[in-house]
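Chemist: The structure's right below; bear with me while I get my questions together.
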There are 2 protein chains.
Amino acid sequence: VTWLQLSNDEPYGLSTLPYGIFRVGADQARVGVRVADQVLDVYAVARALGHDSTRVFDATALNPLMELGPASWSRIRAWITSLFAEDAHRELVTQHLLPLDSVTLQLPIDVADYVDFYASERHARNVGAIFRPDNPDLPPNWKHLPIGYHGRAGTVVVSGTPIVRPHGQCRSGPDPNPVFGPSNRLDIECEVGFVVGQPTDLGSPVAITEAEQHIFGVVLLNDWSARDIQAWEYVPLGPFLGKSFATSISAWVVPWEAFTSARIEQPPQEPQVLGYLDTAAIRRPGLDLHLEVAINGRVVTEPEFSAMYWTPAQMLAHLTVNGASLRVGDLFGSGTVSGDDRTSFGSLLELTWNGTQPIELGDGSTRGYLDDGDVVVMTGWAPAPDGGRVTLGEVSGTITESRTA
Amino acid sequence: VTWLQLSNDEPYGLSTLPYGIFRVGADQARVGVRVADQVLDVYAVARALGHDSTRVFDATALNPLMELGPASWSRIRAWITSLFAEDAHRELVTQHLLPLDSVTLQLPIDVADYVDFYASERHARNVGAIFRPDNPDLPPNWKHLPIGYHGRAGTVVVSGTPIVRPHGQCRSGPDPNPVFGPSNRLDIECEVGFVVGQPTDLGSPVAITEAEQHIFGVVLLNDWSARDIQAWEYVPLGPFLGKSFATSISAWVVPWEAFTSARIEQPPQEPQVLGYLDTAAIRRPGLDLHLEVAINGRVVTEPEFSAMYWTPAQMLAHLTVNGASLRVGDLFGSGTVSGDDRTSFGSLLELTWNGTQPIELGDGSTRGYLDDGDVVVMTGWAPAPDGGRVTLGEVSGTITESRTA
């Protein structure tokens, strides 16, 4: 169904077609679509064909495209698919396919508000056991609502951005006074991020059955975390500087529509949730996403999103139930995706049990937490309608030495 | 020193000259400066005089003006003062002075990230005693760092915006399961907000001696809080839906430069803070701001900012010490301003001790928390160089009935 020469196991085939923002040299950035190891200059093709949404592709973020709404998202995705299917477009499209390594990828969205959830039961239990050993693993509210908090939108960065090790305060040993220095417990959190493409008015909650209509697409998200800073600062108002130095997301946003074959049941919820969180009317509210984290080329964990207790629709319905409005470009993360054991925990905090059981990287070295120079790469995929895969945009980052004022 | 007819006790005289965004009817919004009960159409005057920054006044937010930087802020404030001082400008300026009640005021800034601090020792002790009676009033980190967290930038609204009572989950009585409904403990928090006008690069902390150069101006801020929702949700990741439904700020941003005569010493800090928070090199790091909160016309408290333990420069230095970048339009709130006793506590939580000691409003009614229809108005002032007052923009809001999806 395409004139493109694609192998059967091509990760970025026609089932994925993610959107990103690219530029060539010093040219103005604009919207691109990835296919195999090439980027389609959608603006150039749309302009040549007189497409009625041409202007949204001549943009430095996906926000104008998202503003068009779900019907347009669907129509445009079908049009892009047709570009690769119809021989009549072959010559034009080929002219505007650029090698991936000839372009620079930018942050794909202007991030409005960023919210991070805590939706994996295993992750929440692990963190509770490590940080609050004298209390029950799960706080009493955990099974009644998807716990979340606001993060720093201004420090969401695109995959590939170097991550400067943060300075901060932490407690060390028995001394009750904090010390100041570079974080010694720099960690990852392997998460899935959901990009909101449709706004709401202040004071108007989103019904759970309508929640998914607000989701434009999906990214991978690395919620970099300085555990020593976080542990000292987070009581009583939550994580702040332990998280706000950087959050990395994929350069490629995979449309929500691409995940139709990845829909699954969610794990049973007991006790019964309140009505505004009830997913009974949603057919297969869960998502079957397979994730993988590599440090310096060595796969260290393979989290499964299918085990997440709370679904994206539940997170979005909860986020707005108090009347909080949504904006185009809002981003919410799932929280660390952790499975049942050390083959699938989504953070070093859990994989090394707060550094007490270091992992081996295969080159003779071990890690409790990240060293300067470490390269972290997160990848993922979902089943596609054609039996192949929908590939999530990878998110990578290299740790660089700390700086002070 | 002015051709304006101003009374000696005019609250919006030449010592204040705050910036806002106004529109007339359906016209495009633009920058205005308030003087007495009039608004100067700065764009019209700047255009007529060929001012070299004219374009920043033809904007729907103060962000382009803020981008110009501190030297320009100072130069433009001097120019605006001269417009009212020099008879040569009288005719032109008079043509472009509009009655306040003939314009609509909008949110003055495009809010980038919003951070809320917790900088009043009395407030923190009161909240600790009410919410965590089994623990010490202050958490162990409180005197070592200005505790803060990110709030929802997208629900920061301008003074006068109606506040819809939020729905949410809370616990009621001995039942361990939550109930869902409109908040029954809707509260205010009287705060001062600081608007960041100069950005920084990711990975580059701001030294405390340079922190104030990033502050463009000051607003009053009402951090509306649903205490029942907040109490149930906030462990372990902090406040979320209990706060995110709305945060109101003044329509008028008073330039930081206006507060030169309001600078005072801050309260002593013991134990000694870490070096990056040390204000020894800042002359008079505190601020002498006098605040007042009225409910339905009755003054219920008069918080004093002078008692705040942490200064604005300390908050900004802490916010960036991990390398988090600043953007033009970032907003940070001081946290509730509470003085030593019930004449100066900054929230109903404290004034009524979580509703157990209702306050009287003088019309025979009492309040534990806010009722639908209640009108809350916060005002404030600081000493001006001429012996008069710098007036903070008021922030008001009326509670309206809750809505569901």
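None of the figures in this text is laboratory data; all of them are computed from the coordinates on show. Source: prediction; values computed, not measured. Using ideal geometry, Cβ is built from the backbone for each residue, glycine included, and neighbour counts are taken over all protein chains shown.
Chemist: Sorted from largest to smallest, which semi-axis lengths in Å does the alpha carbon gyration tensor of segment B:159-250 give for its equivalent ellipsoid, taking the root of 5 times each eigenvalue?
Modeler: That gives 34, 17, 9 Å for the three semi-axes.
Chemist: I need the peptides A:72-84, B:224-236, A:284-296 ranked by packing, meaning the mean over residues of other C-beta atoms within 10 angstrom, with the highest value on top.
Modeler: Highest mean packing first, the order is B:224-236, A:284-296, A:72-84.
Chemist: Angle, helix A:70-85 long axis vs. longest principal axis of chain A, Cα atoms, 0 to 90°, nearest 10?
Modeler: Result, in degrees: 60.
Chemist: Taking B:Arg55 in one copy and the same position in all the others, each labelled 7 Å out along Cα→Cβ, what are the pairwise distances from the first, in nm, shortest first?
Modeler: Those label-point separations list as 2.0 nm.
Chemist: In a Gaussian network model over chain A where Cα atoms closer than 10 Å are linked, find which of A:Ser365, A:Ser248, A:Ser15 has the largest mean-square fluctuation.
Modeler: Taking springs between Cα atoms under 10 Å, the residue moving most is A:Ser365.
Chemist: Only four residue types carry charge here, +1 at the Cβ of Lys and Arg and -1 at the Cβ of Asp and Glu. Report the dipole size of segment B:151-231 about the Cα centre in Debye, rounded to the nearest 20.
Modeler: About 400 debye.
Chemist: In nm, what does the list of distances from A:Pro268 to its counterparts in the other copies look like, shortest first, when each label sits 7 Å along Cα to Cβ?
Modeler: Distances to the matching label points in the other copies: 6.3 nm.
Chemist: Can I ask one more? Using the Karplus curve 6.51 cos²θ - 1.76 cosθ + 1.60 with θ = phi - 60°, work out ³J(HN,Hα) for each residue of segment B:191-207 in order, rounded to whole Hz, and write x for Gly and Pro.
Modeler: Karplus-based 3J(HN,Hα) across segment B:191-207 equals 10, 10, x, 10, 9, 7, x, 10, x, 9, 7, 4, x, 10, x, 9, 5 Hz.
Chemist: Hand me the GluC sites (Glu not before Pro) from segment A:49-124 located in a DSSP loop with no more than 16 other Cβ atoms within 10 Å, in residue order please.
Modeler: The qualifying sites are A:Glu86.
Chemist: Compute the label-point distances linking B:Asp340 to its equivalents in the other copies; points lie 7 Å from Cα along Cα→Cβ; give nm, one decimal, shortest first.
Modeler: The projected label point of B:Asp340 is separated from its counterparts by 6.2 nm.
Chemist: Looking down the axis that turns A into B, which residue of A has the closest beta carbon, and how many Å out?
Modeler: Spelled out as residue then distance in Å, it is A:Gly238, 1.
Chemist: Report, by chain and number, residues whose modeled amide H sits under 5 Å from the one on B:Ile215, excluding near sequence neighbours (fewer than 5 apart, same chain).
Modeler: When sequence neighbours closer than 5 places are left aside, the close amide H contacts are B:Gly197.
Chemist: Rg and Dmax of segment A:294-363 over Cα atoms: what are they, in angstrom?
Modeler: Just the Cα atoms of segment A:294-363 yield Rg and Dmax of 16.2, 52 Å.
Chemist: Starting from the Cα of A:Lys143, draw a straight line to each of the aspartates and glutamates and keep only those under 14 Å, dropping any in the same chain fewer than 8 residues away.
Modeler: List returned: A:Glu121, A:Glu270, A:Asp278, B:Glu233.
Chemist: Continuing with this model, one more query. Where the only charges are on Cβ atoms (+1 Lys, Arg; -1 Asp, Glu), what is the dipole of the protein assembly as shown about its Cα centre, to the nearest 20 debye?
Modeler: Charge dipole, the protein assembly as shown, about its Cα centre: 280 debye, nearest 20.
Chemist: Place a +1 charge on the Cβ of each Lys and Arg in chain B and a -1 charge on the Cβ of each Asp and Glu, then give the dipole magnitude about the Cα centre in debye, rounded to the nearest 20. Please list the in-between numbers first.
Modeler: On the way: 27 positive and 48 negative charges, 112 e Å.
The dipole of chain B has a size of about 540 debye.
Chemist: When N counts the residues of the protein assembly as shown, how does its alpha-carbon radius of gyration compare numerically with 2.2 N^0.38 Å, as a ratio? Can you show the working numbers first?
Modeler: Details: Rg = 26.9 Å, N = 810, 2.2 N^0.38 = 28.0 Å.
Normalised by 2.2 N^0.38 Å, the Cα Rg of the protein assembly as shown equals 0.96.
Chemist: List the residues, sorted by chain then number, that are 5 or more residues from A:Gly339 or on another chain and whose placed amide H is less than 5 Å from its amide H.
Modeler: Amide H neighbours of A:Gly339: A:Glu304, A:Ser344, A:Phe345, A:Gly346.
Chemist: If you average the C-alpha positions of segment B:361-392 and of segment B:7-71 separately, how far apart do those two centres end up, in angstrom?
Modeler: 25
Chemist: Helix A:121-131 sits at what angle to the longest principal axis of chain A, using alpha carbons and giving 0 to 90 degrees rounded to 10?
Modeler: 30
Chemist: While we're on this one: How big is the gap, in Å, between the Cα center of segment B:256-319 and the Cα center of segment B:90-112?
Modeler: Using only Cα atoms to place each centre, the spacing works out to 29 Å.
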